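So the structure is just underneath, and the comments pick up after that.
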Amino acid sequence: RALDQLAADLHPDTDPGVAGNRIRTDISTIRRVLRTATGLNEPMFVVYDASTGRYRLDAELITVDLWQMLTAIETANTADDDTTALAALREAAGLYGGDFADGGDQIWMTDYATDYRHQILAVYARIAEVIEADHPDQAAAALERALELDPVNENRKSVV
């Protein structure tokens, strides 16, 4: 994200100039803490791309379960066979750790949380679809798990 985007998202009620300075301080602090924690003195961890004007995590050094989940979903969506798709879907399901930015109340957080929850619900539905003929009990369990994750249906007890 660009500095102004980060400032607006993370410090929405702060003067943009002050918020930008806070973001710079935050990035410096993140780098220092990660260098101390990893014992690596050179990496930036959060890198700036001058050509785009954006900051990003260094994907060579940092793995993010969300990124892995989205990659697994993409793999499933482009798989040529059910075996490959099912393996990727199960990987995605295993990587989902709960709502994005749980506890955050900013609109952008809620929007992402809703989008990612819908994606994981679709993952469980697709798992059920792929395995229902050979493993109906596992298919029902996948749908039950989807219901557990869907707050709109949190009062439902079982799949019929």
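Using the Karplus relation 6.51 cos²θ - 1.76 cosθ + 1.60 with θ = phi - 60°, the per-residue 3J(HN,Hα) values for the stretch 88-105 come to 5, 5, 5, 4, 4, 4, x, 7, 6, x, x, 4, 4, 6, 3, x, x, 10 Hz, with x marking Gly and Pro.
Using the alpha-carbon positions of the stretch 38-78, Rg (one decimal) and Dmax (whole number) come out as 13.5, 39 Å. In sequence order, the stretch 122-133 has phi-based couplings of 5, 4, 5, 5, 6, 4, 4, 4, 5, 9, 4, 5 Hz under the Karplus curve 6.51 cos²θ - 1.76 cosθ + 1.60, θ = phi - 60°, and Gly or Pro positions carry x.
Considering all C-alpha pairs of the stretch 3-160, those separated by over 19 Å amount to 66%.
Amide H contacts under 5 Å for Arg54: Asp49, restricted to partners 5 or more places along the chain or on a different chain, H placed in the peptide plane at 1.01 Å from N. Between Glu144 and Asp80, the modelled labels are 3.7 nm apart [label points 7 Å from Cα along Cα→Cβ]. Contact order for the chain, expressed relative to its length and based on alpha carbon pairs under 8 Å spaced 6+ residues apart, stands at 13 percent.
Accessible area of the chain with a 1.4 Å probe: how many percent of it is carbon plus sulfur?
So the carbon and sulfur contribution to the accessible surface is 51 percent.
Give me the number: length gained by fully extending Arg32 to Asp49, i.e. 0.36 nm times residue separation minus the C-alpha to C-alpha distance, one decimal in nm. Present the calculation step by step, with values, prior to reporting the outcome.
Details: separation 17, 0.36 × 17 = 6.12 nm, distance 1.95 nm.
Answer, rounded to one decimal: 4.2 nm.
The packing ranking, built from the mean of other Cβ atoms within 10 Å per residue, places the peptides 36-49, 74-87 in the order 74-87, 36-49, highest first. Residues in the stretch 11-97 average 66 Å² of solvent-accessible surface per residue, probe 1.4 Å, ligands and nucleic acids excluded.
Under 1.5 on a/c is rounded, so check that first for the stretch 1-94, then, if it is not, pick prolate when a/b is larger than b/c and oblate when it is not; a ≥ b ≥ c are the square roots of the alpha carbon gyration tensor eigenvalues. The shape class here is prolate.
Relative to the Cα centre, the charge distribution of the chain, modelled as +1 at Lys and Arg Cβ and -1 at Asp and Glu Cβ, gives a dipole magnitude of about 700 debye. If the segment from Gln5 to Val64 were pulled out straight at 0.36 nm per residue, it would be longer than the present Cα-Cα gap by 19.2 nm.
The values are calculated or read from the model by the stated rules, or taken from the named source; none is laboratory data. As the structure is a computational prediction, the values presented were derived from the model and not from experiment. Cβ coordinates were reconstructed from backbone atoms using ideal geometry, including for glycine residues, and neighbour counts include every protein chain displayed. Surface areas here come from the heavy atoms of the whole protein model, side chains and all, with no ligands, DNA or RNA. Shrake-Rupley method; radii C 1.70, N 1.55, O 1.52, S 1.80 Å.
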